[in-house]
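Notes follow the structure.
The values are calculated or read from the model by the stated rules, or taken from the named source; none is laboratory data. Nothing here was measured: the structure is a model prediction, and the numbers come from that model. Cβ atoms come from the backbone with ideal geometry, glycine included; neighbour counts cover every protein chain shown. All accessible areas refer to the heavy atoms of the entire protein, side chains included, with ligands and DNA or RNA removed. Shrake-Rupley method; radii C 1.70, N 1.55, O 1.52, S 1.80 Å.
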Amino acid sequence: MRLSKYLSTKRCGYAAAFALSVFLFAGCSIQKMAVDQTATVMGDGLVAFDSEEDMQFAREAFPASLKTMETFLVSSPENETLLLLLARGYASYSFAFVESEYEKAVVDGTEEEIEYHKARARKLYLRARGFGFRLLGNAELQEAALGHDIPATEKALEGLGKDAGPGLFWTAYAWGSAVQAGQDNPDLLAGLPIIERMMGRVLELGPEYYYSGAHLFFGVYYASRPPMFGGDPKKSKASFDVAMEKHGSQNLLIPLMEGLFYAKQTQDRALFDKRMQEVLNADLSEHPELRLNNEIARARARFWLGQADELFF
């Protein structure tokens, strides 16, 4: 009798535990479904952010938006939309706002201010790189790339299809930008051959992704270093020429960067002035889908025109 009662009690306990586990699992599934649906809305609504014309408003809104997406990611850690938005978002925020503060500090700030903004930009770019690797979801590629194993990286890259293009672009872009912001870091510098191969694969998978983003990257890449360290003005110009032809009138970062990097490297003041004026004189209402991007380009062009005498000798 005691045994029968005991077994009956145990069955009730198992049933209650099973019901609780089903409830908790269903709760997690419902939460994940809600997050996934919200992420889709956020992805579709990105155009609202891209079309923002008030840079100060965007600067203040960016961090809260990014942390909200990170909060959602906890409930759906493999959500590709959130991972793409976070990789792109942290890289874009660092470029648009943190790097601009770094540039201003270089011109008239203290050494402490320069180091602060440079370190902050580097950290945010590396955070973007982390989300990019998570988006790619390729452990073999991540291990090889971070281990600076060129043959293994090339092999892993060969296995990627077109759907990996966006994740690969933002991962390589963020990593390359971190190197640019941390050229005194040997470990980051050691990643340059890997970054070059990753972005080269982007050119194969989708050369026009994000308004010729890979061509723009290589234009800067080959113009930002001296020849002894891989710089190549001819390759830089070729990349900028393609980017300018495809999207130079839409994405004003292309003429801006050609002026800041290629024109500076070759000491072509006339080209620098021409590109800066193109950015300043452009009608930003023509491409509302890139309004914030182009407002940032215009602000940077105005700033660097005022520093031109320091760039050209």
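Counting only C-alpha contacts under 8 Å and six or more residues apart, can you give the relative contact order of region 91-202 as a whole percent?
Values: 111 pairs, mean separation 33.5, N = 112.
Here the relative contact order equals 30 percent.
If you put +1 on each Lys and Arg Cβ and -1 on each Asp and Glu Cβ, how big is the dipole of the chain around its Cα centre, in Debye rounded to 20?
Approximately 1480 debye in magnitude.
Which of rounded, prolate or oblate describes region 216-282 when judged by the alpha-carbon gyration tensor and an a/c cut-off of 1.5? Walk me through the numbers on the way to the answer.
Details: a/c = 2.55, a/b = 1.51, b/c = 1.69.
The shape class here is oblate.
Give me the percent relative contact order of the chain, please, defined on Cα pairs under 8 angstrom at least 6 residues apart. Don't skip to the answer; put the middle values down first.
Numbers: 345 pairs, mean separation 45.6, N = 313.
Contact order relative to length: 15 percent.
Per DSSP H run of at least 4 residues, take -39500 (n - 2.57); add these up for the chain, divide by its residues and hand me the 222 nm value, nearest 500 deg cm²/dmol.
Values: 17 runs with 237 residues, N = 313.
Theoretical 222 nm ellipticity from helices: -24500 deg cm²/dmol.
Which shape class, rounded, prolate or oblate, goes with the chain when its Cα gyration tensor gives a ≥ b ≥ c as root eigenvalues, a/c under 1.5 marks rounded, and past that a/b bigger than b/c marks prolate?
Working: a/c = 2.45, a/b = 2.00, b/c = 1.22.
Since a/c reaches 1.5 and a/b is larger than b/c, the shape of the chain is classed as prolate.
How much accessible area per residue does region 71-128 have, counting only protein heavy atoms and a probe of 1.4 Å, in square angstrom?
Values: 2760 Å² over 58 residues.
With the other protein chains kept in place, region 71-128 gives 48 Å² per residue.
Provide, for q = 0.22 Å⁻¹, the log10 of I(q)/I(0) from a solvent-free Debye sum over equal Cα point scatterers in region 179-313.
Log10 I(q)/I(0), no solvent term: -1.37.
What span do the alpha-carbon atoms of region 55-186 cover on each of the three principal axes, reported in whole Å from largest to smallest?
Answer, in whole Å and largest first: 47, 35, 22 Å.
For region 175-313, what is the accessible area per residue in Å² when the probe is 1.4 Å?
44 Å²
How much of the accessible area of the chain, in percent, comes from carbon and sulfur atoms when a 1.4 Å probe is used?
Numbers: 9350 of 16310 Å².
Here carbon and sulfur together make up 57 percent of the probe-accessible area.
Which of the lysines could a cross-linker bridge to Lys234, judged by Cα under 22 Å and excluding same-chain residues fewer than eight apart?
Straight-distance partners of Lys234: Lys246, Lys264, Lys274.
Shape verdict for region 141-224, please, from the Cα gyration tensor: rounded (a/c under 1.5), prolate (a/b greater than b/c) or oblate.
Values: a/c = 2.11, a/b = 1.13, b/c = 1.87.
Here region 141-224 falls in the oblate category.
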